[in-house]
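Worksheet: one structure, shown below.
A short reminder: the numbers here are calculations on the coordinates, not readings from a lab. These numbers come from a predicted model, not from an experiment. Ideal geometry is used to build each Cβ from the backbone, glycine not excepted, and the neighbour counts take in all protein chains shown.
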């Protein structure tokens with residue numbers, strides 16, 4: 001297992017560049033709302049993976065999300081989520097994750113350690129990523145697939161808005177579950 005730390009912006013020897021195909025990828029989330037869960041997604045995101053197939057620990061990722069593209073299927077709620085109470089998209093137009101270290105957990109499972117920049121607050125973040133391999137599509141392009149789920153506490157990133165319920169509880173939970181499925185295409 002490699003313990004080398006590297007940045008996602010400097011490709012390692014033997015790596016190949018793959019860019020996220022947003023038409024075949026999904027960045028979703030869910031959070032407790034009153035007595036159920038509300039789900040949503042982000043429509044605009046991008047990123048690049050430097051993939052080393054022989055030594056995956058030398059791979060890296062930079063991933064960015066446009067928080068103004070949030071969609072919970074309810075325009076008033078989306079407008080509130082874009083406001084200063086939550087993402088504050090006017091001041092912080094990008095959510096960014098950059099890897100620093102990758103280590104193998106199993107045949108197709110990896111621990112990706114990096115930094116999440118959300119609302120200008122930098123926090124370490126560890127993701128358990130499933131690597132779905134590389135395959136050629138019908139047009140001859142090489143594609144690689146990845147998936148992860150993670151939980152973040154929204155209050156750690158300054159998203160503290162909430163409202164009380166008549167039973168003494170709160171409208172929103174603090175934990176947000178992220179579900180990310182990425183299909184990438186190799187840059188020629």
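What to note about this one:
- One decimal place: the segment residue 46-residue 122 gains 25.4 nm when fully extended, by the rule 0.36 nm per residue minus the C-alpha distance.
- Distance between the 7 Å Cα→Cβ label points at residue 26 and residue 132: 1.0 nm.
- Residue among 143, 41, 53 with the largest mean-square fluctuation in a Gaussian network model of the chain, springs linking Cα atoms under 10 Å: 53
- Candidates 37, 96, 119: whichever shows maximal mean-square fluctuation once the chain is modelled as a Gaussian network with Cα springs under 10 Å: 37
- Cβ-Cβ distance of residue 79 and residue 19, R₀ of 35 Å, FRET efficiency by 1/(1 + (r/R0)^6): the value works out to about 0.70.
- Estimated 222 nm signal from helices in the chain, with DSSP H stretches of n ≥ 4 weighted -39500 (n - 2.57), rounded to 500: -1000 deg cm²/dmol
- When you count the other C-beta atoms within 10 angstrom of each residue and take the mean per peptide, 103-112, 122-131 line up highest first as 122-131, 103-112.
- Efficiency of FRET from Cβ geometry, residue 90 and residue 35, R₀ 30 Å, rounded to 0.05: 0.40
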